[in-house]
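Inspection log for the structure reproduced underneath, given as C-alpha cells.
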Amino acid sequence: MTAVDLDVKFRLMVETDVPLLHEWIQRPHVAEWWDGRGASAHLEDTKRKYLPRLRDSSSVKCHFAILHGEPIGFIQSYVALGCGDGWWQDETDPGVRGIDQFLGDDSKLGQGLGTRMVTAFVRKLFEDPSVTKVQTDPNPVNGRAIRCYEKAGFRIVGKIVTPDGAALLMVIEKGCARAA
C-alpha cells in the first residue's frame, strides 16, 4: 500500500448524504457520544438540523471523510466566535475553528483512522491563513476521542462546561499541526 492509498480526503456534505449521516448517528458507537445522546430516530429531524448547515452562509461546514473512494466518517468545522446557543461565549479570536467528528463504522475503530482523519482535516483548516487555532471538546470520559486528538497534536487545556455538559477543551495552534 502506498502513501497515496492512506490519504484521507474530504468532500463537503450534500443533501443526498443526509440519509447516510442519519444512519451513522443511530449506530451505538456514535450515538453514545454524538448529539448529547439524544439523536432523533427520525430522518426528518436530522434533515432539519443538518440541511441549514449546507448553505454557503452557514459558519458550520460539514464534510465526509473519504478513504479509497468510500465515506468513512463525518467531520464538521465551525467558527467558534459568535457560535451562539451558549457556546464559546468568551471567545474573541475570529480565527478559532471548532471541530467534531466520528467514524461511521465501528469496525474501523482502533486502527488509527480517526487520528489520520483529524490530522488531515486540521492540516486542511490551517491552509486558510485566517485560521489561528482549532479546538474540540470531547466528553471527559470519552478516552478513545481524547487519545485520537492527542495523537493528532491537540493538547488538553482543561475541563469546561458546555451547553451539552462537561467537556475537555483541547486545542492545536497553527504551526503545531502534525503531518498526516
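Every read-out reported here was derived from the displayed coordinates using simple, explicitly stated rules and does not represent laboratory data. Just so it is clear, the structure is predicted and the values come from calculations on it, not from any experiment. All Cβ positions, even for glycine, are placed from backbone atoms using ideal geometry, and neighbour counts span all protein chains on display.
Tabulated data
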| item | result |
| --- | --- |
| Ranked Ser59, Ser77, criterion: other C-beta atoms within 10 Å, fewest first | Ser59, Ser77 |
| Cα-projected label distance for Leu43 with Val157, points at 7 Å along beta-carbon direction, nm | 3.9 nm |
| Percentage relative contact order, the stretch 3-173, counting C-alpha pairs under 8 Å, at least six apart | 18 percent |
| Residue (of Ile146, Tyr78, His63) at the positive-pole extreme of the stretch 3-173, dipole from beta-carbon charges | Ile146 |
| Packing-based exposure ordering (other Cβ within 10 Å, fewest first) of Tyr50, Tyr149 | Tyr50, Tyr149 |
| Above-threshold pairs, the threshold being 22 Å between Cα atoms, out of Lys9/Lys174; Lys61/Lys108; Lys151/Lys174; Lys9/Lys159; Lys61/Lys174 | Lys61/Lys108; Lys9/Lys159 |
| Gyration tensor (alpha-carbon) shape descriptor, the chain, a/c threshold 1.5 | rounded |
| The stretch 112-180 and the stretch 31-96: distance between their alpha carbon centers, rounded to Å | 15 Å |
| Cα-centre dipole for the chain with unit charges at Cβ (Lys and Arg positive, Asp and Glu negative), debye to 20 | 400 debye |
| Vicinal HN-Hα couplings computed from phi for the stretch 136-144 (Karplus, 6.51 cos²θ - 1.76 cosθ + 1.60; Hz; Gly/Pro x) | 8, 9, x, 4, x, 9, 8, x, 4 |
